[in-house]
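Have a look at the structure below before the remarks.
Any read-out appearing in this document is the output of simple, stated calculations on the displayed coordinates, not a laboratory observation. All of these numbers come straight from a predicted model, not from anything done at the bench. Positions of Cβ are backbone-derived with ideal geometry, glycine not excepted, and every protein chain shown enters the neighbour counts.
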Amino acid sequence: MNHVYILTLSCPDRLGLVHAVSGFLLERGGNIEEAAQYNDRATGLFFMRVQFHCERLAQADLCTQLQSFAKPFTMQWHLHATAQPVRTVMLVSKEGHCLNDLLFRWKSGLLPLDIRAVVSNHRDFYQLAASYNVPFHHIPVTPATKAQAEARVYEIIESEGAELVVLARYMQILSDELCAKLAGRAINIHHSFLPSFKGAKPYYQAHARGVKLIGATAHYVTAALDEGPIIEQDVARADHSKTVEDLTAMGRDTESQVLARAVKWHSERRVLLNGHKTVIFK
């Protein structure tokens with residue numbers, strides 16, 4: 001074990017927080033390797049991410065002592081061992097470019113993930129999953145079976161102990177109940193520059209409006225469709241000559257890159273929720 005940990009925290013801002021956190025780690029033999037903090041003056045909240053090396057205490061002991069340390073500051077905190085990749089379940093429908101990109105990056109050692117399963121409402125990508133030795137679960141969805149299908153999806157997520165669920169162009173709207181269960185650990189890629197062109201067929205909407213930029217947005221999943229906290233966005237230029245098919249083809253690259261960056265930052269514990277927004281320590 002490499003004994004390297006990442007501590008993320010948020011709390012009401014006050015004097016001496018950086019000193020208090022660094023002092024806590026120093027007293028326990030922790031050597032800070034990377035640190036970043038942010039004070040949101042609008043909300044009065046303080047956010048911090050610290051990567052440190054500590055051999056003196058085991059993770060369980062650090063957690064116990066952090067609990068006592070954090071209480072007077074009303075801190076919300078998480079401690080993660082960098083040696084433990086993020087257990088992940090991928091959801092996909094019939095567009096496989098984002099799934100293919102993430103699987104390749106994962107196998108190339110570019111993402112600290114442990115992809116446990118691919119779940120789809122179609123069979124199109126079972127061979128792709130098999131080529132990466134990832135179990136594939138085909139769960140068809142119809143209006144009559146949607147509730148049962150969703151329950152099965154959640155069963156797989158829980159059985160795999162997934163810390164992260166990636167909707168890599170999974171074209172099913174999740175129920176409010178499932179969104180609540182996955183709060184803060186499900187990332188969706190939407191093929192528009194939100195808040196523009198929410199919902200279905202955003203490239204058709206963009207083409208109809210004659211936009212000069214098309215975009216992609218990676219965001220956390222919430223019950224409000226395509227309105228979750230935004231993690232990453234990017235755009236590509238378009239002009240009057242582009243058809244809907246052209247925009248769709250152009251957008252695939254943007255979608256893949258945006259989702260890959262969001263997944264990387266999340267899995268490196270660089271994303272902290274700040275109400276309806278995010279704080280990202282790149």
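Descriptive notes on the structure:
- Overall, the chain carries a charge dipole of about 280 debye about its Cα centre when +1 sits on the Cβ of Lys and Arg and -1 on the Cβ of Asp and Glu, all other atoms neutral.
- Counting only alpha carbon atoms, the long axis of helix 146-159 and the longest principal axis of the chain meet at about 40°.
- Seen from every direction in turn and averaged, the convex hull around the alpha carbons of the stretch 117-160 projects onto 2.9 nm².
- Extreme residue, positive dipole direction of the stretch 4-81, given options 17, 35, 78 (C-beta unit charges): 17
- Distance in nm between pseudo-label sites at residue 225 and residue 131 (7 Å out along the Cβ direction from Cα): 3.3
- Quarter the surface of the alpha carbon convex hull of the stretch 176-244 and you get the mean projected area, 4.4 square nanometres.
- Eligible aspartates and glutamates near residue 198 by straight Cα distance, threshold 14 Å, same-chain separation 8 or greater: 226, 227
- A simple packing score, the average count of other Cβ atoms within 10 Å per residue, orders the peptides 214-220, 228-234 as 214-220, 228-234, with the highest score first.
- Among the listed pairs 242/277; 94/146; 242/282; 146/264; 181/212; 146/181, those beyond 28 Å (Cα-Cα): 242/277; 242/282; 146/264; 181/212
- Amide N of the stretch 199-227 lying under 20 Å from the label point, which is placed 7 angstrom from the Cα of residue 239 along Cα→Cβ: 206-215
- Chain lengthening between residue 53 and residue 171 when straightened (0.36 nm per residue, less Cα-Cα): 38.3 nm
- Candidate aspartates and glutamates - alpha carbon under 18 Å from residue 107, same-chain residues fewer than 8 apart omitted: 268
- Between residue 36 and residue 145, residue separation times 0.36 nm minus the direct Cα-Cα distance comes to 34.6 nm.
- Tail fraction, Cα-Cα pairs, the chain, threshold 31 Å, whole percent: 34
- Peptides 273-282, 119-128 ranked from most to least packed by the mean count of surrounding Cβ atoms within 10 Å: 119-128, 273-282.
- Once Rg and the Kirkwood radius are both taken over the C-alpha atoms of the stretch 4-81, their ratio Rg/Rh works out to 0.95.
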